[in-house]
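Below: one structure, written as structure tokens.
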Amino acid sequence: MTPWIICTVGFLLCPVVSSDPPNIILILADDLGYGDLGCYGHPSSLTPNLDLMAAKGLRFTDFYSTGAVCSPSRASLLTGRFQTRSGVYPGVFYPSSVGGLPLSEITIAELLKSHGYATAMAGKWHLGLGQNGSFLPTQQGFEHFLGVPYSHDQGPCQTLICFPPSTHCYGTCDLGESLLPVFNDERILQQPVDLTELVPNYEQFNKAFIYQSVMKKKPFFLYYASHHTHYPQFASAQYAGRSARGKFGDALLEFDGTVGKLLQTVWDMGIQNNTLFIFTSDNGPETMREERGGSSGLLKCGKSTTYEGGLREPAIMYWEGKINPGVTSELASTLDILPTVAAVAGAHLPNVTLDGYDLTKLLFNGDKSPRNTVYYYPPSIDHNRGIHALRLGKYKAHFYTEGAAHSETTPDPACHVTALLTEHNPPLLFDLGTDPAENYNLLNSGVPVELKPILSEIQNERERFNKHMIYAESEINKGKDPTLRPCCNPDCTPKPTCCHCQMKDVYL
């Protein structure tokens with residue numbers, strides 16, 4: 001393995017006195033389905049560390065992302081604001097995208113950095129690269145960054161080594177894009193990346209950052225945005241071939257192993273009583289990949305749809321000695337992470353419109369969630385249509401439905417790309433308390449008298465939301481510039497095949 005981590009101090013771990021305010025570790029999976037983890041019911045997934053975290057923390061059954069694809073959901077996660085407010089829609093950023101998450105947006109990292117936190121990110125960014133790295137995490141409050149600016153399928157994945165010994169990735173991916181780069185802060189460390197070494201180096205980076213923050217007696221915010229379990233699947237030698245779920249299971253097992261190393265580092269440093277872990281996923285699974293994609297479990301459809309399988313995600317919050325173990329069916333969202341983190345850190349909220357709620361009373365007192373509504377945007381956001389669905393309490397109404405290529409191969413034709421955009425008036429209405437799979441439309445034979453008040457309330461809330469939502473100019477529609485594709489040898493030809501480099505050192 002290439003020795004990427006160089007530290008000025010060793011890794012002799014010893015218990016230390018926890019600092020105040022608390023440390024925050026935010027862990028984000030990629031394209032992980034609601035039914036993929038052992039603790040969410042999958043019979044053959046090996047996820048012992050996430051299962052342990054669920055047993056010792058609070059596991060959510062009704063936790064939502066705001067977007068059914070990567071970039072919009074990540075923008076909302078980090079800003080506590082709908083992707084429409086930052087312009088991160090429709091679709092996702094590419095290596096040549098001109099736009100990115102606007103620098104005027106205030107991220108969790110910026111919020112905590114201004115409050116004295118050390119901040120770092122490892123993994124997948126996917127919120128823009130820009131001219132000279134103008135949209136990289138280091139421009140959004142992260143002091144250190146080791147990772148890839150976008151998805152690892154946004155390049156010719158035949159050049160990537162996914163499984164030992166020297167087995168090339170399965171699939172075609174984006175042949176016209178640049179070779180996949182790994183950035184250390186704002187410089188390219190390696191291009192193309194060897195995926196069999198990538199996660200072990202992230203783990204070293206994470207460990208070094210936690211160690212150095214504790215030694216400096218600084219509270220820290222670490223954002224680990226894993227590439228797992230986005231297609232194409234990969235795993236390092238330690239995990240390849242170990243799972244009963246094949247290539248997907250190996251990737252999931254490696255992700256779970258990284259979670260275990262984060263937990264172990266925190267306990268080794270003696271800061272477990274002052275560290276909040278937050279885990280979730282960005283959107284639902286890519287069922288089109290069949291056995292190489294994830295599972296929505298009992299939920300309908302998956303990635304790129306506004307059915308439950310597209311936006312309802314596994315989520316766990318764990319803080320040793322502070323959050324009582326249990327399971328909650330209270331509503332919560334990635335939008336709620338920023339205000340919750342601000343509350344536990346004692347940081348002031350940014351002076352902007354936020355769409356999230358502080359969940360601390362739910363986490364620490366077992367109170368009801370302040371959230372009673374969920375709003376469902378499709379990837380192809382159109383402000384003339386607004387949200388496609390709305391959940392109020394246990395009831396969910398679909399005003400529009402549409403299948404997606406990402407949700408192909410399931411037996412349900414409503415998930416497929418051939419299920420074209422359809423308006424519903426009256427809407428489809430489901431009781432998610434008794435029918436989370438959205439099988440039984442309560443308005444199939446007209447509007448029952450007892451549901452008229454519910455339907456009226458939902459319609460009024462939809463009108464209110466659509467009327468007051470402000471749509472920023474789309475950053476993704478700003479277009480593409482091929483010269484923005486990263487290359488560690490910018491003057492070489494022919495691109496992208498000449499863009500090769502292998503640097504040695506990562507510095508925190």
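The values are calculated or read from the model by the stated rules, or taken from the named source; none is laboratory data. Owing to the predicted nature of the structure, the values given are computational and were not obtained by experimental measurement. No Cβ is skipped: glycine too gets one built from the backbone with ideal geometry, and neighbour counts run over all protein chains shown. To get the accessible areas, we keep the full protein, side chains included, count just its heavy atoms, and leave off ligands, DNA and RNA. Shrake-Rupley method; radii C 1.70, N 1.55, O 1.52, S 1.80 Å.
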(1) at pLDDT 95 or above; (2) open to solvent by 10 Å² or more (accessible area, probe 1.4 Å); (3) farther than 21 Å from Gly91 by Cα all hold for Thr410 apart from (1)
Taking segment 388-402 and the residues there that are under 23 Å from the mean Cα position of the chain (by Cα) and open to solvent by 10 Å² or more (accessible area, probe 1.4 Å), the one that is farthest from Arg292 (Cα to Cα) would be Arg391
Residue, most open to solvent (accessible area, probe 1.4 Å), within segment 85-113, restricted to residues that are in contact with a helix residue (DSSP H, G or I) (Cβ under 7 Å, 6 or more places away or on another chain) and among the hydroxyl-bearing types (Ser, Thr, Tyr): Tyr89
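Tell me which residues, restricted to segment 220-245, are open to solvent by less than 10 Å² (accessible area, probe 1.4 Å) and of a type in the set (A, V, I, L, M).
Passing the criteria: Leu222, Ala225, Ala235.
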Write out, first by first residue and then by second, each pair whose Cβ atoms fall under 6 Å of each other, whose residues are 6+ apart or on separate chains, and whose first residue, in segment 108-135, is at positive phi while the second is open to solvent by 10 Å² or more (accessible area, probe 1.4 Å). Gly128/Phe135; Gly133/Glu186
For segment 442-459, which positions are closer than 22 Å to Ser329 by Cα and either among the small types (Gly, Ala, Ser) or part of a loop (DSSP other than H, G, I, E, B) (or both)? Leu442
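From the list Thr340, Thr353, Thr360, which residue is open to solvent by 40 Å² or more (accessible area, probe 1.4 Å) and β-branched (Val, Ile, Thr)?
Thr353
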Among the residues of segment 469-485, is any in contact with a Cys (Cβ under 9 Å, 6 or more places away or on another chain), modelled with pLDDT under 95 and within 29 Å of Thr84 (Cβ to Cβ)? yes
Please go through (1) part of a helix (DSSP H, G or I); (2) open to solvent by 10 Å² or more (accessible area, probe 1.4 Å); (3) in contact with a Gly (Cβ under 9 Å, 6 or more places away or on another chain) for Ser76 and return the number of the only condition it doesn't satisfy. (2)
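Table: residues versus (1) basic (Lys, Arg); (2) surrounded by 15 or more Cβ atoms within 10 Å (Cβ to Cβ).
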| position | (1), (2) |
| --- | --- |
| Glu438 | no, yes |
| Glu450 | no, no |
| Ile454 | no, yes |
| Arg462 | yes, yes |
| Phe465 | no, yes |
| Ile470 | no, no |
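Conditions tested, residue by residue: (1) on the phi > 0 side of the Ramachandran plot; (2) touching a Lys or Arg at 6+ places or on another chain (Cβ under 8 Å); (3) in a loop (DSSP other than H, G, I, E, B).
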| residue | (1), (2), (3) |
| --- | --- |
| Thr280 | no, no, no |
| Ser295 | no, no, yes |
| Lys303 | no, no, yes |
| Ile316 | no, yes, no |
| Thr353 | no, yes, yes |
Log entry, pairs with first residue in segment 476-491 being more than 14 Å from Arg187 (Cα to Cα), second being of a type in the set (D, E, K, R), beta carbons closer than 9 Å, six or more apart or on different chains, reads Pro482/Lys495
Do we find that Val69 is in contact (Cβ under 8 Å) with a residue 40 or more places away in the chain and touching a Cys at 6+ places or on another chain (Cβ under 8 Å) in this structure? no
Scope segment 46-68; condition open to solvent by 10 Å² or more (accessible area, probe 1.4 Å) and more than 25 Å from Asp435 (Cβ to Cβ); matching residues: Leu46, Pro48, Asn49, Asp51, Leu52, Ala55, Lys56
Residue list for segment 473-486, restricted to those being open to solvent by 30 Å² or more (accessible area, probe 1.4 Å) and in contact with a Gly (Cβ under 7 Å, 6 or more places away or on another chain): Glu473, Lys478
Could you identify the single residue in Leu299, Leu253 that is of a type in the set (A, V, I, L, M, F, W, C), buried (at least 19 other Cβ atoms within 10 Å of the Cβ) and not in a helix (DSSP H, G or I)? Leu299
Could you say whether any residue in segment 13-35 is open to solvent by 10 Å² or more (accessible area, probe 1.4 Å) and at pLDDT 95 or above? yes
